[in-house]
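Notes follow once the structure below has been shown.
The values are calculated or read from the model by the stated rules, or taken from the named source; none is laboratory data. Here the structure is a predicted model, which means the values were calculated and not measured. Note that we place each Cβ from the backbone using ideal geometry, even for glycine, and neighbour counts take in every protein chain shown. The accessibility values were calculated without ligands, DNA or RNA, using every heavy atom of the protein model including side chains. Shrake-Rupley method; radii C 1.70, N 1.55, O 1.52, S 1.80 Å.
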Amino acid sequence: MQTTFSLAQLADPNIAEADKILRACVHCGFCTATCPTYVLLGDELDSPRGRIYLIKEMLEQGRPAGEVEVKHLDRCLSCLSCMTTCPSGVHYMHLVDHARDHIERTYERPAADRWLRRLLAAIIPRPNLFRLAMAGGALAKLIGGQYWLPKRLAAIVALARMPAMPRKTDEPGITLALGARRGRVAMLAGCAQPVLRPEINAAAIRLLTRFGIEVVVAEGAGCCGALTHHMGLEEPAMRAAKANIAAWHREIERGGLDAILVTTSGCGTTVKDYGYLFRNDSVWRDRARAVSERALDITEYLARLGLPAVAQARGLRVAYHSACSLQHGQKVIEAPEQLLSQAGFEVLTVPESHLCCGSAGTYNMLQPELSRGLRDRKAANISGLKPDLVATGNIGCMQQLEPAIVVPILHTVELLDWAHGGPKPVALG
Ligand code: SF4
Ligand code: SF4
């Protein structure tokens, strides 16, 4: 694609980067067929190619974002399905992240939208606040708040669950390897996941330590910053990323880290991108790169570790839902299914597995109608397989699909821990 940025504009490294990405696009439109919003709405402006044109014109003209750009970019899930499909290697993620930052800096959102975004950005990354908000939402749901509250709030209340009690596994500390130590890793405790399903990291730590891996939850590490980053709120996102980088760097210096493991694939995509986010920052660049180089999804690490064959197959039919952040964002495709199958589960592939379930961070709260459409489509595809349970690698997808599916939904690592000698997952009763 031809671009017309001036030399003065190209002096800004972010514009120079956007220019490079835009030039890689050859307008072929292959990406439209796999874009969930285009599949649902059929509007070119709700396709990757349409959005790329909108971003190009907005940035080239160096003007503030307008209603049209905001409408169609807000509808983008950042699912990155378009990046998997694109034959030209267009890095849509970096382009849309830059455009979102531009929107937040130049566009005055209507007051209700602005406050809702501020509220979500302030609450979700802070586990104690999020726990309180979830409890409040769950109580409001008990008295039918999802039916009588204003539309946007009602959509959020509908998603609320009574939060879990905090667990020791999410607090900073070290869990020693059982037997001879084979490795040492850090694990991201995260922000929303320990409130919603603390069993996930507990299962990961049990499994890792059983196979000789020491696990560190680093003091000072917390939210990865993905949530605010995808809302275009760069300042809190970079602050969260810096806290994690500093915390893990201290652990690298203290005892070495073979890997930094993430059990929420949405967060994993962002932690792997820290090196890029700080590419122009001479103070943080090297440490950010060292973190990104070590970042792995839990299933990637377990596949490298090589788990032994299980003595007894469970004989359960597991529909594996591949989270977008894992399959498109991190290109981790085979490891989860292989691990589950080696652990004795019958793994079923979900039709239209490339399409997003509509969770996408805060998307299900900010775009509830589109999100529900995608959720119901995904739920129908899963239910058609008649599985005994569903496995996935992202807490957002688990929360999103739970109300629409009758069988239990578990994190892949909960099933692996169970198959390799851990307790039966709570979700299986
Ligand atoms: S598939 Fe890639 S090159 Fe083709 S229109 Fe989409 S982004 Fe551009
Ligand atoms: S990230 Fe997903 S929703 Fe956004 S343009 Fe790409 S395929 Fe479409």
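Brief remarks follow.
- Normalised by 2.2 N^0.38 Å, where N counts its residues, the alpha-carbon radius of gyration of the chain equals 0.96.
- Label-to-label distance, Glu334 versus Met1, with points set 7 angstrom from Cα along the beta-carbon direction: 3.3 nm.
- As computed over the stretch 203-276, the Cα convex hull volume per residue (Å³): 92 Å³
- Global form of the stretch 114-154, assessed from the alpha-carbon gyration tensor, a/c cut-off 1.5: oblate
- Note that the chain presents 42 Å² accessible area per residue, ligands and nucleic acids not counted, probe 1.4 Å.
- Overall, the accessible surface of the stretch 77-219 at a probe of 1.4 angstrom is composed of carbon and sulfur to the extent of 65 percent.
- Across the cross-link table entries Lys151/Lys378; Lys272/Lys386; Lys71/Lys378; Lys71/Lys272; Lys242/Lys378; Lys71/Lys386, which are compared at the Cα atoms, the separations over 26 Å belong to Lys272/Lys386; Lys71/Lys272; Lys242/Lys378; Lys71/Lys386.
- Amide H contacts under 5 Å for Glu214, placed H, 5+ residues apart: Ala177, Arg182, Gly183, Arg184, Val185
- Part-to-part distance (alpha-carbon centres) for the stretch 139-161 and the stretch 83-106, which is given in Å: 33 Å
- Nearest-0.05 FRET efficiency for Arg254 and Arg304, computed from C-beta distance (R0 35 Å): 0.95
- By the Cβ-Cβ criterion of under 4.7 Å, the unpaired cysteines of the chain are Cys25, Cys28, Cys35, Cys76, Cys86, Cys357, Cys397.
- 5 angstrom amide H check on Ala391, placed H, neighbours 5+ away: Ala319, Tyr320, His321, Leu410
- Rounded if a/c under 1.5, otherwise prolate or oblate - the stretch 305-349, Cα gyration tensor axes: oblate
- Mean residue ellipticity (222 nm) of the chain, computed from DSSP H runs ≥ 4 via -39,500 (n - 2.57), nearest 500: -14500 deg cm²/dmol
- Here the simple spin-label model places points 7 Å from the Cα toward Cβ, and for Leu142 and Arg161 these points are separated by 1.8 nm.
- In order along the stretch 169-179, phi translates into HN-Hα couplings of 5, 9, 8, x, x, 10, 10, 6, 5, 8, x Hz, rounded to whole numbers, per the Karplus curve 6.51 cos²θ - 1.76 cosθ + 1.60 with θ = phi - 60° and x for Gly and Pro.
- Electrostatic tally near Tyr320: other residues with Cβ closer than 15 Å to its Cβ, Lys and Arg +1, Asp and Glu -1, net -3.
- Approximating the spin labels as points 7 Å out from Cα along Cα→Cβ, the Val406-to-Arg239 distance works out to 4.7 nm.
- Förster-model FRET efficiency, 35 Å R0, Ala380 and Glu108, C-beta, rounded to 0.05: 0.35
- Charge tally in the Cβ shell below 13 Å around Arg109, where Lys, Arg are +1 and Asp, Glu are -1, Arg109 excluded: +1
- Put the Cα centre of the stretch 30-64 next to the Cα centre of the stretch 198-265 and the gap is 33 Å.
- Other residues within the sphere of radius under 13 Å centred on the Cβ of Glu60, judged by their own Cβ, net out at -1 (K and R +1, D and E -1).
- Anisotropy class of the stretch 1-139 from Cα gyration tensor, a/c 1.5 cut: prolate
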